[in-house]
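First up is the structure itself, then whatever we jot down about it.
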Amino acid sequence: MSSSSSSSFPNHQWLYDVFLNFRGEDTRSKFVSHLHASLSNAGINTFVDYQLDKGTELESELLQAIEDSHISIVVFSKTYTESSWCLNELEKIMKCRRNYGQIVVPIFYDVDPSVVRHQKGAYGNALRSTAEKRYSAGEAFEYVLSRWRIALTEASNLSGWDLTNCRNENELMQQIVEDVLTKIQNTFLSITEYPVGLESRVEQVIQFIEKQSSKVSMIGIWGMGGSGKTTTAKAIYNRIHRKFVDRSFIENVREVSEKDNRGIIHLQEQLLSDVLKTKERIHNIAFGPNLIENRLKGKRALVVLDDVTTSEQLKALCGNPKLFGSGSVLIVTTRDVRLLNLLSADYVCTMTEMDKKESLELFSWHAFRRPIPSADFDKLSKNVVAYSGGLPLALEVLGSYLYERTEQEWKGVLSKLGRIPNDQVQEKLRISYDGLEDDTEKDIFLDICCFFIGKDISYVTEILNGCGLYANIGIPVLIERSLVKVGKNNKLGMHDLLRDMGREIVRESSARVPGKRSRLWFRGDVLDVLTTNTGTKTVEGLVLKSQSTGEVCFSADSFKEMKKLRLLQLDHVDLTGDFGYLSKEVRWLHWQGYTGDYMPGEFYQGNLVVVDLRYSYIKRVWKETMLMDKLKILNLSHSKYLEITPDFSKLPNLEKLIMKDCPSLSKIHHSIGDLKNVLLINLKDCTGLRNLPRKIYQLKSLKTFILSGCSKIDKLEEDIVQMESLTTLVATNTGVKQVPFSIVRSKSIVYISLCGFEGSSRNVFPSLIRSWMAPTMNSLLYISPFGSVSLSLASLVFESDNSGYLSPNPSSLSKLGRFWVHYRLYFQVTQELRTFLDDLYNVNFTVLEDTSHESQSSSYSLRSLLMKMSSCHGKINNTLGESISQTMSGELSKVHNKCILQEISEKQVNHRIDSHLREFGWTLMKTMKASHLSNVLGSIQMRKSGKTWEIFLPQHLRN
């Protein structure tokens, strides 16, 4: 097909790719809607005047849309000439073709091209009739009719599409879309041939941008190398770039910047030239940002900066993103999320790995040129996909490499990938590693690659800080640059291909001599080095895990030359000979299944940060504990024969002591109280442990204390309140029967699990206090929650059914001012509970002498206590009746100046007490305003006489 070209009009800027001109009554609901959808799905920015009300005059908005469109598609139908609107649009379209080089493509929907060209028969009559409706006969009529005829003739003479000869509309749509793309392809960026999984990510970003149309949108696309950042940015650009007259896509910022000293200057010049459509020259980097800001200020622009790696690059190209006008969009792709934080990105699109289904489809397109694998290669394909870990780059590279190769070649490639990663993939991934700013960050990355994947981030940080690597700074940098991620339960992880890349960096340093590599993790290499004694001072880390049921044994002499060894893991491996050959630089000792009775004294351990001897056979850790002031973590879990802990005075900086499941452990050294920095003690399932040294309660720094399963420990001392930092106490399945009263005075504890009580302290503490007040423990006699009492009552009389409870059922108590609580049974409130209340509410819980005629009963003045407790909360309750229960039952009979509560059963009383203990004990005390409570509790008194309890009101409260 041929069409008019816009090549001679280079300065005209197109805002839309396509403008659709059509007669709505004929085509809108079917053909045009289908065409519009096909164009939009292909990323072609199409203007359709669905929302405009067609009148007699073309709106200025529509005229502008026609001028701003690169291509106009004119859909001619049978009634096209009945619309003056369509004809005026067509006239404007043909004028833009002449003036701006706009491309015009006619489509003949249900009318022959020759009919349109010559306006014959009904078509011509309709044209004339339309002109007559607009203009009366005369010069104006003839002039308009002539212009319309010329426009119809010119448009119908252009090459286009005739639907009368088309049998398949879907195929035609595809042809039209391809033709349009060909005509505007010079403005589109090339993207991947197989965009599997791309559309959903692109759509999410575009939806966000559309919601931010009134402001500058700053979008970040973040992910590891090869994850599809650039492809996603290009796809977004292709979808929206036609909406911007001013636009620029700056690709490969990192690569261009690093080529030469003028690299960043070339990018600055490109940005200005793209947006301003002129050639710009910049003489130095410092001058560029100011020039960019001055020339681009206020412009509504689309700018994409691809593969930005440093803040300097960002400042040089877009130091102030807010300089752009409203509706502008700035997109930055990077491996370093920190840059997006500096940019204050409004939206960050995080590139995640493709799922298995998408991965297999993308791989299959490259390996088989179809969406699914060939049957004979299905299993092999899934193996490659598993190796690729959902990384698009790896799927594309490996799929293309394996295209049309034999099954034997596939197997050979997979075998090789197990040891030596693909060069193309590694080259891309290594960019992130090479971009790390100092050697400590690189060392941290390589240590994690080789030894610490799947381990707790705080655990690893402690070890690497002990190695002088500043991991508390370095690990966040690796996370920001997509080299490391933190998964569930704070475990460190990374993509398998990044892991392989890091290990390949180590392997390449000495491909043929493993003993000269900095880190040894591959079993075959380690066995070779230890067997042949070829280790050197280059070795900094070594891991060997026995794969057999028996122990593997080597001579300690094998470590003689490894003077810089700082990380050592031996699982079920025995060493014989002089342990003095082990490096003095070891910081991490992970020796699972160590078979000795204790650690050998000749092994210098003064620099150890972590000692992990799980599943060992030791009876004691050291025969004589040496000073180890760097030790932070000691894990002796599952050591079945461990009898006693070490002398903790030699471990002054220990932070975590873990001794789970040590059934022979019978004694904890009293020096444990000397630990000033300990945060965690875990003694779970130490079934042989009978007691704890009293000094353990002096640990003011301890946060977590676990004693679950220590079945022979039957008591926790009241001194536990001295553990002022304790947040978690777990002591289920122990012999402890009584919760220490002092525990409720702890201001730090958050979670407790003890004696059947479990949960947050906020929920557990009231239940504990309630349990201490229960009748089975000879606790405080308790007045059940009141209803409201009539003011006419002079006194309330309570029946006691030898249950130890008072059970009133008045109808109102709105102005009571004071009462005395008496007890049938002798009760002394414990010092701990009184101290708790004193601390909590800053009051003195005063126990008064019993002044009644009953020598066995005692009385407590609650006035000051209740007033203080209520004032702490500052909540106002208008009446006492609103804050206490109204559900008590019983019959009241008024007798002179007192009210007698008839006797009720003990079961009923207990039920009421149980139901309303918390409301009376806590809700009432916490919700009453102090001044109001004073009025309520002013001067009520109670007295027990036989089985009757009386509450007396003073005269001024009676009717």
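The values are calculated or read from the model by the stated rules, or taken from the named source; none is laboratory data. Please read all numbers here as calculations on a predicted model, not as lab measurements. A quick note on method: Cβ atoms are made from the backbone with ideal geometry, for glycine too, and the neighbour counts reach across all protein chains shown. Surface areas here come from the heavy atoms of the whole protein model, side chains and all, with no ligands, DNA or RNA. Shrake-Rupley method; radii C 1.70, N 1.55, O 1.52, S 1.80 Å.
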Criterion: out of contact with any strand residue (DSSP E or B) (no Cβ under 9 Å at 6 or more places or on another chain), in contact (Cβ under 8 Å) with a residue 40 or more places away in the chain and either closer than 30 Å to Ile236 by Cβ or not hydroxyl-bearing (Ser, Thr, Tyr) (or both) - qualifying residue of Tyr123, Tyr100 | Tyr100
So which residues in the stretch 629-644 are farther than 15 Å from Asn607 by Cβ and open to solvent by 10 Å² or more (accessible area, probe 1.4 Å)?
-> Asn635, His638, Lys640, Tyr641, Glu643, Ile644
Single residue of the stretch 313-328 satisfying the filter (open to solvent by 40 Å² or more (accessible area, probe 1.4 Å) and touching a residue at least 40 places away in the same chain (Cβ under 8 Å)) that is farthest from His241 (Cα to Cα) = Lys322
Which numbered condition Lys382 fails, given (1) in contact with a strand residue (DSSP E or B) (Cβ under 6 Å, 6 or more places away or on another chain); (2) over 23 Å from Trp222 (Cβ atoms) | (1)
If you scan the stretch 175-188, which residues turn out to be closer than 26 Å to Lys299 by Cβ and buried (at least 16 other Cβ atoms within 10 Å of the Cβ)?
-> Ile184, Phe188
Where a residue in the stretch 385-414 is more than 18 Å from Arg369 (Cα to Cα) and open to solvent by less than 20 Å² (accessible area, probe 1.4 Å) and its partner, wherever it lies, is part of a helix (DSSP H, G or I) and of a type outside the set (Ser, Thr, Tyr), with Cβ under 6 Å and at least six apart = Ser388/Ala394; Ser388/Leu395; Leu391/Leu497
Note on the stretch 265-282: residues in a loop (DSSP other than H, G, I, E, B) and surrounded by fewer than 17 Cβ atoms within 10 Å (Cβ to Cβ) are Lys277, Thr278, Lys279, Arg281
With respect to Lys299, determine if the residue is exposed (fewer than 14 other Cβ atoms within 10 Å of the Cβ), within 22 Å of Leu189 (Cβ to Cβ), over 33 Å from the mean Cα position of the chain (by Cα) and not aliphatic (A, V, I, L, M).
-> no
Selection count, the stretch 454-487, where residues are among the hydrophobic types (A, V, I, L, M, F, W, C), crowded, with 16+ Cβ neighbours inside 10 Å and not in a helix (DSSP H, G or I) | 4
Residue set Thr704, Thr728, Thr732; condition open to solvent by 40 Å² or more (accessible area, probe 1.4 Å) and either out of contact with any Leu (no Cβ under 9 Å at 6 or more places or on another chain) or within 21 Å of Leu692 (Cα to Cα) (or both); output residue Thr732
Taking the stated definitions as given, is Gly673 open to solvent by 10 Å² or more (accessible area, probe 1.4 Å) and either in contact with a helix residue (DSSP H, G or I) (Cβ under 6 Å, 6 or more places away or on another chain) or small (Gly, Ala, Ser) (or both)?
-> no
Restrict the check to the stretch 12-19 and report whether at least one residue is open to solvent by 20 Å² or more (accessible area, probe 1.4 Å), at pLDDT below 75 and not in a helix (DSSP H, G or I).
-> yes
Asp346, sole failed condition from (1) acidic (Asp, Glu); (2) touching a strand residue (DSSP E or B) at 6+ places or on another chain (Cβ under 7 Å); (3) within 19 Å of Val413 (Cα to Cα) | (3)
Residue in the stretch 646-663 that is farthest from Ile633 (Cα to Cα), counting only those that are touching a Lys or Arg at 6+ places or on another chain (Cβ under 8 Å) and crowded, with 21+ Cβ neighbours inside 10 Å | Cys662
Could you pull out the residue among Lys277, Lys229 that is in contact (Cβ under 8 Å) with a residue 60 or more places away in the chain, charged (D, E, K, R) and at positive phi?
-> Lys277
Conditions (1) modelled with pLDDT under 85; (2) closer than 17 Å to Arg97 by Cβ; (3) of a type outside the set (Phe, Trp, Tyr) -> Thr27 fails only (2)
Which number in (1) touching a Lys or Arg at 6+ places or on another chain (Cβ under 8 Å); (2) open to solvent by 10 Å² or more (accessible area, probe 1.4 Å); (3) not in a loop (DSSP other than H, G, I, E, B) marks the one condition that Gln424 misses?
-> (1)
Residue, nearest to the chain's Cα centre (by Cα), within the stretch 488-511, restricted to residues that are surrounded by fewer than 16 Cβ atoms within 10 Å (Cβ to Cβ) and more than 14 Å from Phe452 (Cα to Cα) = Lys488
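Conditions (1) open to solvent by 30 Å² or more (accessible area, probe 1.4 Å); (2) closer than 30 Å to Asn45 by Cβ; (3) small (Gly, Ala, Ser); (4) not in a helix (DSSP H, G or I), marked per residue:
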| position | (1), (2), (3), (4) |
| --- | --- |
| Ser72 | no, yes, yes, yes |
| Thr81 | no, yes, no, no |
| Ile107 | no, yes, no, yes |
| Gly124 | no, no, yes, no |
| Ala140 | yes, no, yes, no |
| Val144 | no, no, no, no |
| Leu152 | no, yes, no, no |
| Asn170 | yes, yes, no, no |
Among (1) assigned to a helix (DSSP H, G or I); (2) under 26 Å from the mean Cα position of the chain (by Cα); (3) surrounded by 15 or more Cβ atoms within 10 Å (Cβ to Cβ), which single condition is Leu436 missing?
-> (1)
Out of (1) within 22 Å of Glu358 (Cβ to Cβ); (2) of a type outside the set (Lys, Arg); (3) in a helix (DSSP H, G or I), the odd one out for Gln174 is which?
-> (1)
Could you please let me know if Gly502 is in contact with a Cys (Cβ under 6 Å, 6 or more places away or on another chain) and either of a type outside the set (Phe, Trp, Tyr) or without any contact (Cβ under 8 Å) to a residue 60 or more places away in the chain (or both)?
-> yes
